[in-house]
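This report refers to the structure that appears directly beneath it.
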């Protein structure tokens, strides 16, 4: 799928990441991306999106979980509004208007890769959200597979109120999580969603007190790591395809994936044991 990572490409340096407002660390199978520009409420820039895309391209193959979290009082306040000023001596969103439509769309695709890689079936991505997740911040949380949120979290898609549209891959997961009608209402009204509503409508998978957020994420990470690596990857691929394929296509993919798992288990164990199976069907 688009945006998958295979540990290829040059990894950005710590200084390059810091200048873009990010930190990155890997501890065995767990990687952590931290938005670390609290002075500007972790507002986002083209430099941040390019750095995220570079992290996606260089993600180590052994990583099984990617956590996205933020420092300071907010997850992300969205686009850094200074990025609409073309007089700055850095890459800005206004720069898109200086070239052709084709070049602008190519650049926007590069920005979107900073969000797309979080769908990679090789790992489970978890957004640990506290405070405000607005616009691009909301879309970064939506790019992750799971959202664990603090009870002070607030989501808002502000773009329509600013004369813009969500364009960082957030519309598809929003519709899939909450349904078309709710997604439309939330976006066109630029309405805020608090943590409890986010849980009620399926946007957040769990809500905990702010002080418990890190602990809740760690419990989830450890649960994921206890499951078989390849089974988790196959399952994520199946659930992704289930959103777009009909039942006939999907059931064939399930059978093919299960056969791969059965053969792999047989090779690794010298034959299947009954205590590895919950039912005769192997599910």
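The values are calculated or read from the model by the stated rules, or taken from the named source; none is laboratory data. Not measured: the values here are computed from a predicted model. Reconstructed Cβ throughout: ideal geometry from the backbone, glycine too, with neighbour counts over all protein chains shown.
Please determine whether any residue of the stretch 96-108 is assigned by TED's automatic domain parsing to the domain that holds residue 52, buried (at least 22 other Cβ atoms within 10 Å of the Cβ) and part of a helix (DSSP H, G or I). Scanning the stretch 96-108 turns up no residue that is assigned by TED's automatic domain parsing to the domain that holds residue 52, buried (at least 22 other Cβ atoms within 10 Å of the Cβ) and part of a helix (DSSP H, G or I). On inspection, residue 262 fails the criterion of being modelled with pLDDT of 95 or more, in a loop (DSSP other than H, G, I, E, B) and outside the structural domain of residue 123 (by TED's automatic domain parsing).
Taken together, 27, 120 contain a single residue that is closer than 29 Å to residue 230 by Cα and either touching a strand residue (DSSP E or B) at 6+ places or on another chain (Cβ under 9 Å) or in contact (Cβ under 8 Å) with a residue 12 or more places away in the chain (or both), which is 120.
From the set of residues in the stretch 34-50 that are in a helix (DSSP H, G or I) and touching a helix residue (DSSP H, G or I) at 6+ places or on another chain (Cβ under 8 Å), which is surrounded by the most Cβ atoms within 10 Å (Cβ to Cβ)? Ranking the qualifying residues of the stretch 34-50, first place goes to 48. Note on the stretch 12-28: residues that are surrounded by 16 or more Cβ atoms within 10 Å (Cβ to Cβ) and either assigned to a loop (DSSP other than H, G, I, E, B) or out of contact with any helix residue (DSSP H, G or I) (no Cβ under 9 Å at 6 or more places or on another chain) (or both) amount to 3.
From the list 225, 213, the one residue that fits, being more than 30 Å from residue 265 (Cβ to Cβ) and either outside the structural domain of residue 67 (by TED's automatic domain parsing) or under 19 Å from the mean Cα position of the chain (by Cα) (or both), is 213. Tallying residues that are assigned to a helix (DSSP H, G or I), within 19 Å of residue 113 (Cβ to Cβ) and over 15 Å from the mean Cα position of the chain (by Cα) within the stretch 51-81 yields 1. Has the stretch 175-191 got at least one residue that is within 22 Å of residue 65 (Cβ to Cβ) and surrounded by 15 or more Cβ atoms within 10 Å (Cβ to Cβ)? The answer is yes, given that some residue of the stretch 175-191 is within 22 Å of residue 65 (Cβ to Cβ) and surrounded by 15 or more Cβ atoms within 10 Å (Cβ to Cβ). In contact with a helix residue (DSSP H, G or I) (Cβ under 9 Å, 6 or more places away or on another chain), surrounded by fewer than 16 Cβ atoms within 10 Å (Cβ to Cβ) and under 22 Å from residue 52 (Cα atoms), is that true of residue 149? So residue 149 does not fit the description; no.
Restricting 249, 205, 226 to those that are surrounded by 16 or more Cβ atoms within 10 Å (Cβ to Cβ) and either at negative phi or out of contact with any strand residue (DSSP E or B) (no Cβ under 6 Å at 6 or more places or on another chain) (or both) reduces the list to 205. The test for being within 20 Å of residue 59 (Cα to Cα) and touching a helix residue (DSSP H, G or I) at 6+ places or on another chain (Cβ under 7 Å) does not hold for residue 173.
If you filter the stretch 75-95 down to residues that are surrounded by fewer than 14 Cβ atoms within 10 Å (Cβ to Cβ) and touching a residue at least 12 places away in the same chain (Cβ under 8 Å), you find that the one that is farthest from residue 158 (Cα to Cα) is 90.
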